[in-house]
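Below is one structure, written out as C-alpha cells; comments come after it.
Every read-out reported here was derived from the displayed coordinates using simple, explicitly stated rules and does not represent laboratory data. Not measured: the values here are computed from a predicted model. Neighbour counts are summed over all protein chains in view; Cβ atoms, including those assigned to glycine, are modelled from backbone coordinates with ideal geometry.
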Amino acid sequence: MKSIFLVTVFLLGMVGCVFADGFMVAEYPTGYHPISGLIGSGVNWHSSSGTVSTERPVTALSVKYHKVRVEIDNGIATTYVDEVFLNDFDVDIEGEYIFPLPEEATVKSFAIYADGKKIEGQVMGKDAARATYEDMVRKMREPALLEYVGKNLFRTKVYPIPAHGQKRIELVYQQVLKYDSGMYTYEYPLDTERFSPKPVKDVVVATTINSNIPIKSVYSVNQQIGLKLEKNRAVATYEEHDVKPDKNYILRYTVSEKDVGLNLLTYRKDNQDGYFMLLVSPGEIETKPIDKDIIFVLDTSGSMQGEKIKQAKEAIKFCINGLNQGDRFNIIDFSTNVNCFDSALITATPLKVQEALDYVNQIKSAGGTNINEALLMAVRMLNDPDRPRMVIFLTDGEPTEGVTDIKNILINVNESNSFRSRIFVFGVGDDVNTKLLDKLAQGGRGLTEYVLPNESIESKVSTFYKKVAEPVLSDIRLTFIGQVKAKELYPTDLPDIFKGSQLVLFGRYENSGPERITLRGRVNGQEKEYAYEVNFAVNDASHDSIPRLWATRKIGYLMSEIRFNGENQKLKSEIESLGKEFGIITEYTSFIIDAKNTTSVHRNSNSTWGSLRDIDSRADYYASVKGYSRGVSRIATLSMGAEGIYAGGGSVLADTGAQAVLFAKNIGNMQALESLGGFKADLKVKHIADKVFYIREDGAWVDSAFKKEMKIIEVKYLSPEYLTLLRTIPELAKYFSIGSHLIVVFQGKCYYVKG
C-alpha cells in the first residue's frame, strides 16, 4: 500500500473527505475511477495539482455519525470520541485513521476490532508529526495540513472494513486544561471546512463540567451552544446536522468563590488600542429568587384570530404558571379597547394565578390595535423602584386605534416609563412595524423577538420566559477605576442578569496595566457592590476572536442608528471601514482584490457577489421553511452579505414586511453576538487567527494588512526556503495553511508565497 501520508494528502487536495476529530482514508479498489466510477485497468485520472496519474487514487470514508463527550473534573478533561465510518464499495478495503491530538494530551484507550482482534494505534510526538505533515504537504501540495503542524498525531491502520459495512472507532484521551486568572480553556479539533466539500451528517459535542470552586460563566468562542449552569456543575451542548464545521470547538469557563464572578479577556498588539471582553456572572447565588413585577400585554385584535391567539394565550398561561409566589403581576389585553385583569398589580398567590388563567381562557380576538393606550397603562402601573420591573408585549400588527403615529407612541411610552421598566417585545408575522417594536425595546432596555410565519409563538415566548423568570442581579452599573480608558462598550445599556445567564460586554481600551472594576446592582432588593482587580494587557494575541466580535456588535448598533434615524455618510463610512478591517461583509460594501494593483475594490450593495445557485437555495429555504413568497425571499437573499448581514439598498430603512423583519432580526443578532458561531463561511473572505484575507482576481489570498508600497519577500511554494521559513517562524504555518498563493504581513515583514 502507498504511504498513508501520500494517500491522505492527495485525498485532501482531490476528493471530498470528512475531517472532524479524525478521519479515515482508503485506496479506491483496483480499476475504480474516482470520477466516472468505471472499473478497468490503467485508467488515467487528474490529481489536485493537475498532473495525470495511473496510480490508484484514494477516498475518505463517509461518516455515519460523529459524537464527542467531554467530562471535565476540576480542570482535568477526558474526551470520548465515537465515530462510525462506512464502506460504500463492493469489496473489503483497508483504511487508515488519523487524529491530530491536542498538546499535552495522553491517549487512554483506542477501541476498534477486526476479525475479533483489537487494533493498536501509534502516537507520534510533535517533531515526528511535524516532519510527517511537512512531507505530506511537500509531496501532495496540500497547504491546509499546515494548520496541524505542532500537534501530536495518532494513527492506525484498519483492516478489513467489509463491503457495504461499517467500522466504529472509539478514542479516549485525557489532558490538563490551561488555566489563567480563574479561567479554564478546553479545545477540540473540529475544523473541517477546508477539507470537506460535503456536510457532516451529525456533529455533537456534549461537555459536562464539575468543579469544587463555583462555576461562574461558560463561554463558547466559535459555536453557539445550549447551556445549563448550576453552582458547581455546567452542561454545554453543541449539536448540528448536515454542516461543515469550520472552526475548532473552544470552550472557556470561569470559577470563583465570590458571589458574582468577573473575568477579563483582552487582545492587544503593536501598541495599538486594545479590545476586551468582560464576563460577569453570579453563577448561582444562594439566596431566594428576587421578587419581580411583571405585566403581560397581549394584542387581541382581529388579525390575531385563529392559531395566533390560541398559541399566544397558551404562552401567557405558561408564564403565569411560572410566577413565584412573591411576584406581582397583571394582564392587559387590547384591541380597539384596552382591558385589564385587575386595576393594580396583584401578588401571585395560587388563587390569583388560577383566576388569571381563567381570565386568559376567555380572551377572544376582534377589533383594531390600540398599542399606545395599552403600553401606557402597563408602564404606569410599574412604579416600585426596589423590584425588577418588566413588560412582556406581544403584537402582530401596526397601531390602528388611538394614537397611531409611531414617534408619538415612542415619546409617550418613554416619558411615562419613569421607573425604567424593561420592555420585552414579541412581533408576530410580517405586518408588525419593526422600527416601533425595536425602539420600544431599546428605550425599555429590553429586546425584541420576531416570530416568523410557521414558527411557534408559544415556543418562542415560553423559551424566553424561562430565561428571565428569575432575576438575580438587576440595575447593573460598571465603573473602571485607574489609568485604563475603556470606551465603545457594547451593549451600551447593561441588561439584568437572570439565573443561569451571564453578561458579556465588549469594548476597546487605551493604555494598559492593573485596573479596578466596581460592579453595582440590586440583589434581593438590596444595593450591592463588588470590586475586582484586573489587568489590561500590554500585548496579548491569545484571544483573537474578540476584535471581530466587538466590530460585529458595533456594526449592529450603527445599523440600528441608520434604521431609526436614516442614512448619513458618516455612519455608512464607519460601517464600511469596520467591514473591511474585520472582514465583515455589510449592506454597503463588499470587497474583491484587484490583481493589477493589489488594492481593495469597493463595490456597492447592489453588486451580486454570491453564486446564483447559493442565492436560489437560500431563497428556497426562506420560501419553504419560513413561509415567505419565493420572490420576496430571493430579493432579501440576493442582498445578504457573507456573514448573514442583510443588504438591499433602501430595504434597511423599511418599516414593515418580510424584508424588514429579516433585517430587524439580523441586526438584533449582531448586537447580541457572543461567539463566532453566528458567522457564516464565505468563499471570498477567510479569517485565520487575527488576520483577514480577501481573494484576489488571480486566485491569491491577500492579507488585509498589506499595502502595495510594502517591500515583498518572495518565497516559492514548497521550496526548501519555504519549509525552512516555516521551521524558523512556526507561527506562519497557520497563515500559510490558507493556500499555495498568498500574501501575509507578519511582524513587520511581507511574505509573498507563489504557487
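Net length available on complete extension from V84 to E239 is 54.1 nm, with 0.36 nm assigned per residue and the Cα-Cα distance removed. Working from the Cα coordinates of the stretch 293-469, the gyration tensor eigenvalues give, after taking √(5λ), semi-axes of 21, 19, 15 Å in decreasing order. DSSP assigns beta bridges within the stretch 369-498; of those with both partners inside it, close to 15 percent run antiparallel. In the stretch 507-558, the alpha-carbon atoms span a convex hull of 133 Å³ per residue. Sorting the segments 329-341, 111-123, 713-725, 503-515 by their mean number of nearby beta carbons within 10 angstrom, highest to lowest, gives 329-341, 503-515, 713-725, 111-123.
Above 24 Å lies some portion of the pair distances; for the stretch 165-284, what is it as a whole percent of all C-alpha pairs? Roughly 38 percent, rounded to a whole number. For K708, the aspartates and glutamates whose Cα falls under 17 Å of its own Cα, not counting residues fewer than eight places away in the same chain, are E581, D594, E697, D698.
Each residue, S416 and E94, gets one label point 7 Å from its Cα in the Cβ direction; the gap between the two is 8.0 nm. Distant-in-sequence amide contacts of R696, defined by a placed amide H-H separation under 5 Å and a gap of 5 or more residues or a different chain, comprise W701, V702.
Here's the list of lysines a cross-link from K108 could span, going by alpha-carbon distance under 16 Å and ignoring same-chain residues fewer than 8 apart: K118.
Ranked by the mean number of other Cβ atoms within 10 Å of their residues, highest first, the peptides 144-152, 743-751, 304-312 come out as 144-152, 304-312, 743-751.
Mind checking Rg over Rh on the stretch 458-555, alpha carbons, Kirkwood formula for Rh? Across the stretch 458-555, the Cα-based Rg/Rh ratio is 1.03.
The calculated FRET efficiency for the pair K466 and E120, based on their C-beta separation and a Förster distance of 45 Å, comes to about 0.40. Would you mind checking the pairs K126/K754; K216/K499; K487/K572; K580/K749 and listing those with alpha carbons more than 18 angstrom apart? The pairs that break the limit, which is 18 Å between Cα atoms, are K126/K754; K487/K572; K580/K749. Distance between the 7 Å Cα→Cβ label points at Q325 and T347: 1.0 nm. Under 5 Å from the amide H of E449 lie the amide H atoms of V425, F426, G427, each residue being 5 or more positions distant or on a separate chain, with H modelled from the backbone and absent for Pro and chain starts.
Packing around the peptides 293-301, 463-471, 215-223, taken as the average count of other Cβ atoms within 10 Å per residue, puts them in this order, highest first: 293-301, 215-223, 463-471.
For the stretch 293-469, a simple Cβ point-charge model (Lys and Arg +1, Asp and Glu -1, everything else neutral) yields a dipole of about 500 debye relative to the Cα centre.
Across the stretch 472-483, rounded Karplus estimates of 3J(HN,Hα) from the backbone phi angles (6.51 cos²θ - 1.76 cosθ + 1.60, θ = phi - 60°) give 10, 9, 10, 6, 7, 9, 10, 10, 9, 10, x, 8 Hz, Gly and Pro being marked x. Distance between the modelled labels on Y179 and Q305, one decimal in nanometres: 6.5 nm (7 Å Cα→Cβ projection).
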